[in-house]
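Here is the structure we will look at, set down as structure tokens.
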Amino acid sequence: MTLTAASEARAAGAVPGGEGGALVKLWVCPNDDLAPGLAGVLAAHWLDEQERETAGRFLFERDRRQYLVAHTLVRRALALEAGLAEAELVIWRSPRGRPFLQPLPGGLPRGGDHLDFNLSHAGGYNLLGIVRRHRIGVDIERLDRDAHAIDTILHTFTLPEQDWVGRAPAGRPRDRRVLRLWTLKEAYSKARGLGLGLPFDEFGFGLHDERGVLSFQPPADDRTGRWRFVELEPVPDVLAAVAVPAGEELAPVLQLHHGFPWGRAASRRIALPAPAPVGART
């Protein structure tokens, strides 16, 4: 596993101060971790009517399986955090399509009145982020994207970002730079609730050549621009990014879980990097 440089040194053990604030929790789950028949059974009992209808509209079994695993993962992980049964969770969407867990009068059984979550999936891998009292955005991508897709993505970036990508050798090194930027931009946009509605050339990142965010140039409508960004490579050639606001109440810890969350299995604790320095807008 590859982590950001800021987090590698402390990833092996517990991080002091992690329990006092809002922990960031991350689940990485391959589709193969849930047998197809079992995914269908869980979906029949856990998903709501709209989700089951959506699953039934997929033409290809591969896509249907991806949807079922991803959405049963969401309900299982949220149930563990909220203290509710999976089928009791009410998930609604904003006008832009971002899903939210409906608050309960009096708060959640396991404390608090707010859980934010964000889901991403690509090529048989699912990434789910959960946090209390904050917003979170996540994205996951495989490095085996075709060359046309990589070129299309590259042209959505700022000119300085395109220049940085162009300094890498062609092939995997260049593709890796493109997808590092893409996952970070997706994670930030999703945390804002904007998705692809936020043009990717209106904000930019300065990245270390190997890993780590050196600077962040927020879009004009982000008045603070204070964010924490995490880059991960949970399995070889699968890149992931996480974006969370840099509020003081956020514990500087990320708990990374692997596999389908049948229970509260041991997690890897990773120190969140400091808020990304805000640079000039490009």
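The values are calculated or read from the model by the stated rules, or taken from the named source; none is laboratory data. This structure is a prediction, so every number in the text was calculated from the model and none was measured. FYI the Cβ positions are ideal-geometry reconstructions off the backbone, even for glycines, and counts take in every protein chain you see. For accessibility, only protein heavy atoms count, side chains too; no ligands or nucleic acids. Shrake-Rupley method; radii C 1.70, N 1.55, O 1.52, S 1.80 Å.
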Next on the checklist: Run the numbers for H114 and F58: contour at 0.36 nm per residue of separation, minus the present Cα-Cα distance, in nm.
Outcome noted: 17.0 nm
Checklist entry - Relative contact order of the range 121-260: what whole-number percent is it, with Cα pairs under 8 angstrom and at least 6 residues apart? => result 29 percent
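Could you work out how much longer the chain between A85 and V278 gets when fully extended? Use 0.36 nm per residue separation minus the Cα distance between them, nm to one decimal.
Details: separation 193, 0.36 × 193 = 69.48 nm, distance 4.15 nm.
Value of the extension gain: 65.3 nm.
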Item to check | Accessible-area value, K190, 1.4 Å probe, nucleic acids and ligands omitted, Å² | outcome: 40 Å²
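How high is the relative contact order of the range 41-109? Use alpha-carbon pairs under 8 Å, at least six apart in sequence, and give a whole percent. Don't jump to the answer; show the numbers that get you there.
Numbers: 50 pairs, mean separation 17.9, N = 69.
After rounding, I find 26 percent.
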Checklist entry - Between Q50 and D201, how many nm apart are label points set 7 Å from Cα along the C-beta direction? => result 3.4 nm
Checklist outcome for this item: chymotrypsin sites (Phe, Trp or Tyr not before Pro) in the range 28-100 lying in a DSSP loop, each with at most 11 other Cβ atoms within 10 Å of its Cβ, come to F60
Next on the checklist: Please list, in order, the residues from the range 221-253 whose amide nitrogen is less than 17 Å from a point placed 7 Å along the Cα→Cβ vector of R172.
Outcome noted: 233-240
Item to check | C-alpha center-to-center spacing [the range 111-148, the range 164-215] in angstrom | outcome: 15 Å
Item to check | Carbon/sulfur fraction of accessible area - the chain, other protein chains in place, 1.4 Å, % | outcome: 53 percent
Checklist entry - Taking only protein heavy atoms and a 1.4 Å probe, what accessible area per residue, in Å², does the chain have with all protein chains in place? => result 46 Å²
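For the chain, what relative contact order do you get, as a whole percent, if you take Cα pairs closer than 8 Å and at least 6 residues apart?
With pairs under 8 Å counted, the relative contact order is 27 percent.
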Next on the checklist: Amide H of L194 versus every other amide H placed in the peptide plane: which residues, excluding those fewer than 5 positions away on the same chain, fall under 5 Å?
Outcome noted: none
Item to check | Solvent-accessible surface (1.4 angstrom probe) belonging to W182, in square angstrom, nearest 10 | outcome: 40 Å²
Item to check | Longest DSSP-loop-exposure-free segment, GluC sites (Glu not before Pro), the chain, at most 13 other Cβ within 10 Å | outcome: 20-209
Checklist outcome for this item: The answer for the net charge of residues other than V69 whose Cβ lies under 15 angstrom from its Cβ, with Lys and Arg +1 and Asp and Glu -1, is 0
Next on the checklist: Would the range 120-223 count as rounded, prolate or oblate if I go by the C-alpha gyration tensor, calling it rounded below 1.5 in a/c and otherwise prolate when a/b exceeds b/c, oblate otherwise?
Outcome noted: oblate
